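Heads up: the structure comes next, in C-alpha cells.
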Amino acid sequence: MPGAIVELQIEQLPGLESLLQQNQLPFEDCEQHIDNIIGIFEGGDLIAAGGIEVLGSQGLLRSVAVHKDFRGQGLATAIVDYLQQRACSCGLQALYLLTETAGSYFARRDYRFIARDQLPPEVQSTQQFQSLCPASAQAMVIYLRMGES
C-alpha cells in the first residue's frame, strides 16, 4: 500500500522530473517550486505528486501525476484534495490549472473551463502559461471558500 503524502525535498527532484516526463507533463521549472510540491512514495519510488504555484491570492495547480502502475487507486484524488485544503488554509481564493488530458477529471471535481485569456495576469505570467504548456492546453478554475476544509 502506498505511503502518506509528504512534502518533497530537493534531493527528490530527479524522481519528480522522471514521474512528470512519464506523464508528459512539464518539469523544467519544478526546482524553483519544490517547496510547494507534495508526493506519495511506494518502496522509495515517487508514484504520485502535485503542487501549487502560489501567485498572491491565487494558485496554479500543477504537476498532478500518478505513475501508470498505480492509477485507479485514488492517489490523484488524495493529492488534489490535500492541495485544495492547503490552498484554503493559506487563504487562496482560487486554483487555476492548464491541462491537455485531464479536463474531464477536473470537471468532475467542480473545476470549470474558462477561456485562457480570462486567466488572471498572475497566472498568465507563469512559465507554465507562457512557454511550458502548449497553447492548446485548456484552462480551468475552482473558486475556494475561505475556511473550507
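The values are calculated or read from the model by the stated rules, or taken from the named source; none is laboratory data. What you see is a predicted model, and the numbers here were worked out from it, not measured in a lab. For neighbour counting, all protein chains shown are included, and Cβ atoms are generated from backbone atoms with ideal geometry for every residue, glycine included.
The rows are residues; the columns are (1) of a type in the set (A, V, I, L, M, F, W, C); (2) within 16 Å of the chain's Cα centre (by Cα); (3) under 20 Å from Ile5 (Cα atoms).
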residue: Ile79; (1), (2), (3): yes, yes, yes
residue: Leu92; (1), (2), (3): yes, yes, no
residue: Ser104; (1), (2), (3): no, yes, no
residue: Asp110; (1), (2), (3): no, yes, no
residue: Ala115; (1), (2), (3): yes, no, no
residue: Leu119; (1), (2), (3): yes, no, no
residue: Gln127; (1), (2), (3): no, yes, no
residue: Gln138; (1), (2), (3): no, yes, no
residue: Val141; (1), (2), (3): yes, yes, no
Exercise. Do any residues in region 52-71 that are touching a residue at least 12 places away in the same chain (Cβ under 8 Å) and crowded, with 19+ Cβ neighbours inside 10 Å have Cβ atoms under 7 Å from those of residues that are of a type outside the set (Ser, Thr, Tyr) and assigned to a loop (DSSP other than H, G, I, E, B), where the two are at least six apart or on different chains, and which pairs are they?
Worked result: Gln58/Leu92; Gln58/Gln93; Gln58/Pro120; Gly59/Leu92; Ser63/Leu25; Ala65/Asn23; Ala65/Leu25
For this session: For region 6-17, state whether one or more residues are modelled with pLDDT of 95 or more, under 21 Å from Gln84 (Cβ atoms) and outside any strand (DSSP E or B).
Result: yes
